[in-house]
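Below is the structure I would like to discuss, written out as structure tokens.
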Amino acid sequence: MEHSIKQLTDAKQEMIITITQEELAPIIEQKTRELQPKINLKGFRKGKVPTKMVKKLYGKEIEFDAKQEASNEYFNKIVDENKIKVVGTPSLKDIKDEDEKVAMTIEYEVLPEFELAEYKGLTLDEPVHNVEEDEIEQEIEAICKNNGDLVNAEEVLDLEFIVGLKLTEIDDQTGVPLIGSEEQSTQVYLADKSVIPELRTKLMNAKVGDSFKFNPKQADPMSPDKEFNVTVTSIQKLNPKEFTNDFVATYTKGKFETTEDFREEIGFKLQEKWDERSRQEMENQIVNKMVEMHQIDPPDTILENVMEVMLEDIKKQYKSTPGTENLTLDMMRQDLLPAATHRTKWTMIRTAIIEKEQLEVEDFDIEPMARQEAAKYGANSDVILKNLMNNKDFKETILSKKLLELILDFAITEEMSFEEYQEKYHPHDHEHEHEHDHDHDHEHDHDHDHDHEHDHEHDHEHDHDHDHDHVSNIITPGSEDKNKGGIIIP
């Protein structure tokens, strides 16, 4: 047996394996014996057809199967001996008989080899923000509102009202409800920044029973182009709690007793949030810089797998949006490919650095987390530690964290304000914020459906579930290989 390997691209190779007829003969005999018991031929008992007749009747099929078997066997042997990192399933492209020999051409993908660029000493911009008093006041205001009292009212007089709505999709010409459409109910908190201003205007001075037509597309390009009949079903006035020592003691379950102490805690937690955001931005810079510094051609097989995972994530995230379940990879490939390529390249770079630095997950990396989980659920910390150590995805997350910490420790950082950072790295996002008065990403300061960013380590069991969703979303709720383990024959 002889073989040669040709590099087609960084991630694709071609192997030509040449064997003699003498090497092929035992495999042909084996395939003949395997087929013989299955043959039912007139004049012979089943499985008793002579091997010579079997070869005469099925010789070509047997020979082809034998060559495929040989390609698998010799390919795997060569791969193991040469420690070739094959990705996906190899493909048998050609078989040629030449001078008592058989040449088999196999195409396959490999993890491309590349030289690591210098990852120590990267220059990074560090966005810095010091929490100011007005931010603390806004946070206090949000907490007091989230724990406020709701009182039924007859009329909407200002923004501190929660309005119940019934939505019915109608024909924009006749005003008649569309056949098959269902009435939808929701609530809108008028002070929520994500509420479409035009809808807020229509609801001012409204009373229970009032109705009006509304097409969110006319006010918000991000919304669906549908006509709705909107009916006010309920009106409630939100009366925030007063920020007093008694409220603080109750809200924090005795952890803090004075407004001054709690105010200091809020400032500390807000600063933690900004610092974490700064770190995340620097980690993003590391990933982007490292990807830009390495010219890598990722294997198509891996890219396909990554895009399939990304597509499934999209389907889960937007499962309530009509039509999402019908999305296919062919439909989304062009949109997903850049992100999939970026993600795959970083994974390969990250793996190479982890191997070079010999980073490992050790008990002390996760012992604090194990103890915390054990205390929370009343479990044995050793059992939790063992389970975490056996969790591959969790260990990958820890390794990535250790890697980024290592690079950050050696990085040269230059401080700048978050405003400057935004202008430099996310100018398009900044422009988008100016184009629209409300935030489509729901990252406004006060989230009144109580997924509050700053929980201050307290259980918000006293919070009222006002469920103030973005109205543009409210109006449209709902808004293996055949030769497995072997070589594929195309």
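Each value in this text was obtained by applying a stated rule to the coordinates, not by laboratory testing. For clarity, every value in this text was computed on a predicted model and none was experimentally measured. Please note: Cβ atoms are built from the backbone with ideal geometry, for glycine as well, and neighbour counts cover all protein chains shown.
Mind jotting down the distance between the C-alpha centroids of the range 256-281 and the range 36-78, whole Å?
Each part reduced to its Cα centre gives a spacing of 75 Å.
Tell me what the chain gives for mean residue ellipticity at 222 nm when only DSSP H runs of n ≥ 4 count, each as -39,500 (n - 2.57), the sum divided by the residue total, rounded to 500 deg cm²/dmol.
-15000 deg cm²/dmol
Taking K and R as +1 and D and E as -1, what net charge do the other residues with C-beta under 13 Å from the C-beta of LYS207 add up to?
Around LYS207, the surrounding residues sum to -2.
Give the order of SER381, SER278, SER417 when sorted by the count of other beta carbons within 10 angstrom, beginning with the fewest.
SER417, SER381, SER278
Per residue of the range 262-268, in order, report the coupling 6.51 cos²θ - 1.76 cosθ + 1.60 (Karplus, θ = phi - 60°) as ³J(HN,Hα) in whole Hz, putting x for Gly and Pro.
Values, residue by residue: 6, 4, 5, 5, 4, x, 5 Hz.
Can you put ASP99, ASP171, ASP210, ASP220 in order, fewest other beta carbons within 10 Å first?
Starting with the residue having the fewest Cβ neighbours, the order is ASP99, ASP171, ASP210, ASP220.
Further question: Assign one of three labels to the range 153-290, namely rounded, prolate or oblate, based on the Cα gyration tensor with a ≥ b ≥ c the square roots of its eigenvalues; rounded applies when a/c is under 1.5, prolate when it is not and a/b is larger than b/c, and oblate otherwise.
It comes out oblate by the Cα gyration axes.
Does the range 68-224 classify as rounded, prolate or oblate by the C-alpha gyration tensor (a ≥ b ≥ c root eigenvalues; a/c under 1.5 gives rounded; else a/b over b/c gives prolate, otherwise oblate)?
oblate
Something else: Considering amide H positions built from the backbone, and no H for Pro or chain starts, which residues 5 or more places from ALA153, or on another chain, come under 5 Å of its amide H?
So ALA153 has HN proximity to ILE235, GLN236, LYS237.
Taking the Cβ of LYS85 as the centre, find all other residues whose Cβ is under 10 Å away and add up their charges (Lys, Arg: +1; Asp, Glu: -1).
Local charge sum for LYS85: -1.
Rounded, prolate or oblate, given the Cα gyration tensor of the range 2-110, with a/c below 1.5 counting as rounded?
Prolate is the answer for the range 2-110, as a/c is 1.5 or above and a/b outweighs b/c.
Here is a follow-up. Treat every Asp and Glu Cβ in the range 2-110 as -1 and every Lys and Arg Cβ as +1, leave all other atoms uncharged, and give the resulting dipole magnitude about the Cα centre to the nearest 20 debye.
For this selection, approximately 960 debye.
Then there is this: Once phi is turned into θ = phi - 60°, what whole-Hz ³J(HN,Hα) does the Karplus curve with 6.51, -1.76 and 1.60 give for every residue of the range 197-212, x standing for Gly and Pro?
x, 5, 5, 4, 4, 5, 8, 5, 6, 6, 10, 4, x, 5, 10, 7
To continue, here is another question. Under unit Cβ charges (Lys, Arg +1; Asp, Glu -1), what dipole magnitude, rounded to 20 debye, does the chain have relative to its Cα centre?
For the chain, the charge dipole is close to 4700 debye.
In the structure shown, do any of LYS31/LYS85; LYS315/LYS392; LYS345/LYS386 have a Cα-Cα gap over 27 Å, and if so which?
From the list (LYS31/LYS85; LYS315/LYS392; LYS345/LYS386), the Cα-Cα distance tops 27 Å for LYS31/LYS85; LYS345/LYS386.
Further question: Which entries of LYS217/LYS289; LYS55/LYS77; LYS145/LYS226; LYS6/LYS56; LYS376/LYS402 show an alpha-carbon separation above 31 angstrom in the structure shown?
The answer is LYS217/LYS289; LYS145/LYS226; LYS6/LYS56.
Right, next: Provide the net charge surrounding PHE410, with neighbours chosen by a C-beta distance below 12 Å and charges set as Lys +1, Arg +1, Asp -1, Glu -1.
Net of charged neighbours comes to -3.
Using the number of other C-beta atoms within 10 angstrom as an exposure proxy, rank TYR74, TYR425 with the fewest first.
The order, fewest Cβ neighbours first, is TYR425, TYR74.
Among [x] 25; [y] 49; [z] 20, which one is percent of Cα pairs over 40 Å apart computed from these coordinates?
After the calculation, the listed value that fits is [y].
How much of the DSSP bridge set in the chain is antiparallel, in percent, rounded to the nearest 5?
Within the chain, antiparallel bridges account for around 85 percent of the total.
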